[in-house]
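Asks: Dropping a structure here in structure tokens format, bear with me for questions.
No value in this document is a laboratory result; all are computed from the given coordinates. Bear in mind that the values here come from a model prediction, so they are computed numbers and not experimental data. Neighbour counts run over all protein chains shown; Cβ positions are idealised from the backbone, glycine included.
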Amino acid sequence: AQTVTQSQPEMSVQEAETVTLSCTYDTSENNYYLFWYKQPPSRQMILVIRQEAYKQQNATENRFSVNFQKAAKSFSLKISDSQLGDTAMYFCAFLSTGANNLFFGTGTRLTVIP
Amino acid sequence: DTGVSQDPRHKITKRGQNVTFRCDPISEHNRLYWYRQTLGQGPEFLTYFQNEAQLEKSRLLSDRFSAERPKGSFSTLEIQRTEQGDSAMYLCASGPWTGTGGWQTFGSGTRLTVV
């Protein structure tokens with residue numbers, strides 16, 4: 001079974017600074033997808049960024065980028081120029097190409113400090 | 001398109017009562033998923049539909065839970081004889097299937113409190 005581990009329950013960052021959220025996963029598969037979702041307080045979960053395991057190039061989406069290390073089974077999220085609106089729970093998620101559901105980590109609560 | 005809609009947003013019910021939640025997915029998405037999220041945890045998969053067919057159910061989905069997606073459009077999740085342990089956020093998601101993997105768009109969820 002796939003497992004996703006987020007070892008940082010809470011993090012904080014000063015506005016305009018950069019922060020990196022960690023995620024590791026365990027799988028025996030070679031092809032899969034990894035995601036970071038953002039869940040603001042009392043609001044819906046939003047897809048932040050998506051990485052396909054067969055692509056060596058790290059995904060980037062504006063201020064959000066990932067560091068995908070396939071051999072180490074690591075998938076960290078870097079948020080540059082942090083904004084107050086980035087305050088949220090961030091979930092790392094795994095999807096096997098042979099499966100139909102996302103496996104989520106326990107989340108990291110990020111607070112951006114003005 | 002207004003995204004994935006869930007109704008109600010909040011539901012308080014007494015233990016032993018039945019509750020039903022509704023999810024309206026993004027119209028062009030053929031896959032619909034239900035997840036449960038308890039406090040401090042990530043969402044856990046319950047079940048999913050491809051069009052009107054329910055193709056997979058998690059072991060978390062006890063006999064008291066039933067989900068339907070008539071005509072492959074909206075879906076309902078019913079919990080019979082609710083228990084306090086059913087208190088959670090129930091999330092619906094929909095997505096396309098690209099053949100090798102697909103992303104999921106989530107609704108705002110229905111927060112269930114069983115008293």
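Asks: Taking amide H positions as placed in the peptide plane 1.01 Å from N, state which residues far from B:Thr47 in sequence (5 or more) or on other chains have amide H under 5 Å from it.
Replies: Under 5 Å from the amide H of B:Thr47 lie the amide H atoms of B:Trp34, B:Ser58, each far enough along the sequence or on another chain.
Asks: With θ set to phi - 60°, apply the Karplus curve 6.51 cos²θ - 1.76 cosθ + 1.60 along the stretch A:45-50 and write out the HN-Hα couplings as whole Hz, x wherever there is a Gly or Pro.
Replies: Once rounded to whole Hz, the list reads 6, 10, 6, 9, 7, 9.
Asks: A further question on this structure: With every atom except the alpha carbons ignored, what do you get for Rg and Dmax of chain B, in angstroms?
Replies: Rg then Dmax for chain B, in Å: 13.5, 43.
Asks: Consider all pairwise Cα distances in the protein assembly as shown and report the whole-number % of them above 25 Å.
Replies: Across the protein assembly as shown, Cα pairs with separations above 25 Å total 41 percent.
Asks: Test of understanding: given chain A, find the longest segment containing no GluC sites (Glu not before Pro) that are in a DSSP loop and have at most 16 other Cβ atoms within 10 Å.
Replies: Of all site-free stretches, the longest is A:30-114.
Asks: Report the Cα centroid-to-centroid distance between the stretch A:1-61 and the stretch B:50-91 in angstrom, as an integer.
Replies: When both Cα centres are located, 27 Å separates them.
Asks: Here's another thing I want to ask about it. Counting only residues 5 or more places away or on other chains, whose amide H sits under 5 Å from the amide H of A:Ser76 once H atoms are built in the peptide plane?
Replies: Here A:Cys23, A:Asn67, A:Gln69 satisfy the definition.
Asks: In whole Hz, with x marking every Gly and Pro, tabulate ³J(HN,Hα) for the stretch B:46-58 from phi via Karplus 6.51 cos²θ - 1.76 cosθ + 1.60, θ = phi - 60°.
Replies: These are the phi-based 3J(HN,Hα) values: 10, 6, 8, 10, 10, 6, 8, 8, 7, 9, 8, 10, 6 Hz.
Asks: Starting from the Cα gyration tensor of chain A, multiply each eigenvalue by 5, take the square root, and state the resulting semi-axes largest first in whole Å.
Replies: Equivalent ellipsoid semi-axes, largest first: 24, 15, 12 Å.
Asks: Amide H of A:Thr111: which non-local residues (sequence gap of 5 or more, or other chain) have their own amide H closer than 5 Å, using H built in the peptide plane?
Replies: HN-HN under 5 Å from A:Thr111: A:Met11, A:Ser12, A:Val13.
Asks: Pop the C-beta distance of B:Gln80 and A:Glu10 into the FRET formula with R0 = 35 Å and round what comes out to the nearest 0.05.
Replies: The pair B:Gln80/A:Glu10 has a calculated efficiency of 0.40.
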